[in-house]
Amino acid sequence: MIKISFRPFVCVFFLMVLGVAASAELSFFMIDNFESGRFDKWYKFGEMTAGIVENGTPEGRDTINESCGDYSLGLKGSSLNYYVGGIGSDLNVDATLFSRIQMDIYGAGGEGKIKVELFDDDNNNYALEQDSDKDWIPTNDDKWVAEVPVLGRGFTRVSIPFTAFRLENPGAGDGEWNPNQRESSGGLLKIQMIVLTNQPKGEIETRVDNILLTY
């Protein structure tokens, strides 16, 4: 009688499943999609209003809106010298494998843009030192910024490569994009998003959702 063993096949199949799972796990890092109905991992600054809002049902077929789930983070307010306010969240993540940040932005009223700020750790202490007398500019770590417009009504998926970010505080850190957790570095320490209007004085209402790091 010929005996057939399935053990090698099972092992190979199991390893393939593990490989696919690992690949899927590393394909993106979700910062927040707000489906918890809370935004307690974020802090707010400025006079801007921030709160969880229901996305509702889109008119017609809107695949981006459908992917946003039930909730997003609503941001609105009036500007003084373009500035409305902002939100931020601590990350402390190794972003070496990723090449961009992606998010869905909803335009609901007014015109403006969102300034995205990323901070990497250059003095290897998992902390971001800032000068409160100089608009909270980092003193030992790099601050990288990019701006994206808030477009018309509805969600727009925005993908910003890290290469599009510019250094805003030269001389403070090493001036290189290195969000890796190596040699006691905290990697990518923090993200902030500043809401701005296109006019010195104006009003704006927007939402953000599905904020993630990806390839």
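Return yes or no: is Lys134 out of contact with any Ser or Thr (no Cβ under 6 Å at 6 or more places or on another chain), buried (at least 19 other Cβ atoms within 10 Å of the Cβ) and among the basic types (Lys, Arg)?
Answer is no for this residue.
In this structure, is Ile101 touching an Asp or Glu at 6+ places or on another chain (Cβ under 7 Å) and among the aliphatic types (A, V, I, L, M)?
Taking the combined requirement at face value, the residue does not satisfy it.
Hey, which of the strands (runs of 3 or more DSSP E) in the range 98-192, taking only ones fully inside, have at least 3 residues that are among the hydrophobic types (A, V, I, L, M, F, W, C) and without any contact (Cβ under 8 Å) to a residue 60 or more places away in the chain?
It comes to 142-150.
Going through the range 50-89 one residue at a time, which ones are of a type in the set (Val, Ile, Thr), within 24 Å of Leu118 (Cα to Cα) and surrounded by fewer than 17 Cβ atoms within 10 Å (Cβ to Cβ)?
Once the filter is applied, which keeps residues that are of a type in the set (Val, Ile, Thr), within 24 Å of Leu118 (Cα to Cα) and surrounded by fewer than 17 Cβ atoms within 10 Å (Cβ to Cβ), the range 50-89 yields only Ile52.
Kindly check whether there is at least one residue in the range 55-65 that is polar (S, T, N, Q) and touching a residue at least 40 places away in the same chain (Cβ under 8 Å).
Yes: the range 55-65 contains one or more residues that are polar (S, T, N, Q) and touching a residue at least 40 places away in the same chain (Cβ under 8 Å).
Given (1) at pLDDT 95 or above; (2) more than 12 Å from the chain's Cα centre (by Cα), identify the lone condition not met by Gly109.
Gly109 satisfies all of (1) at pLDDT 95 or above; (2) more than 12 Å from the chain's Cα centre (by Cα) except (1).
The values are calculated or read from the model by the stated rules, or taken from the named source; none is laboratory data. These figures come from a predicted structure and were not determined experimentally. Reconstructed Cβ throughout: ideal geometry from the backbone, glycine too, with neighbour counts over all protein chains shown.
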